[in-house]
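Asks: This structure is in structure tokens; I'll ask about it shortly.
Here, each number is a calculation from the coordinates, and none is a lab measurement. Note that the coordinates shown come from a computational prediction; the quantities given were computed from them, not determined experimentally. Counting neighbours? That spans all protein chains shown, and the Cβs are built from the backbone with ideal geometry, glycine included.
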């Protein structure tokens with residue numbers, strides 16, 4: 001097997017695994033968002049400094065998960081495109 005063929009296989013493998021990971025993160029993000037919304041609804045009336053802090057932390061974590069999922073989708077597409085071009 002040539003080096004180019006091995007490279008193509010590796011790129012396709014990375015693409016497939018990145019897609020799977022992105023899908024798993026997207027599912028996690030949905031569950032995380034539901035739980036986060038429930039927590040925020042329960043603490044909405046108290047709104048102490050600590051409550052606001054945890055709400056901000058949960059929001060930031062949700063955004064980070066979404067960004068990671070998007071980055072994996074971009075990487076998957078890029079790897080597949082490159083592998084198909086070489």
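Asks: Which one of the conditions (1) surrounded by 12 or more Cβ atoms within 10 Å (Cβ to Cβ); (2) in contact with a helix residue (DSSP H, G or I) (Cβ under 7 Å, 6 or more places away or on another chain) does residue 86 fail to meet, given that it meets all the rest?
Replies: (1)
Asks: Scan the range 36-57 for residues that are surrounded by 11 or more Cβ atoms within 10 Å (Cβ to Cβ) and either touching a strand residue (DSSP E or B) at 6+ places or on another chain (Cβ under 9 Å) or without any contact (Cβ under 8 Å) to a residue 24 or more places away in the chain (or both) and jot them down.
Replies: Result: 37, 39, 40, 43, 51, 52, 54, 55, 57.
Asks: Only residues in the range 1-23 that are over 30 Å from residue 64 (Cβ atoms) count as the first member; pair them with residues that are surrounded by 12 or more Cβ atoms within 10 Å (Cβ to Cβ), Cβ under 7 angstrom, at least 6 apart or cross-chain, and list the lot.
Replies: The qualifying pairs are 8/83.
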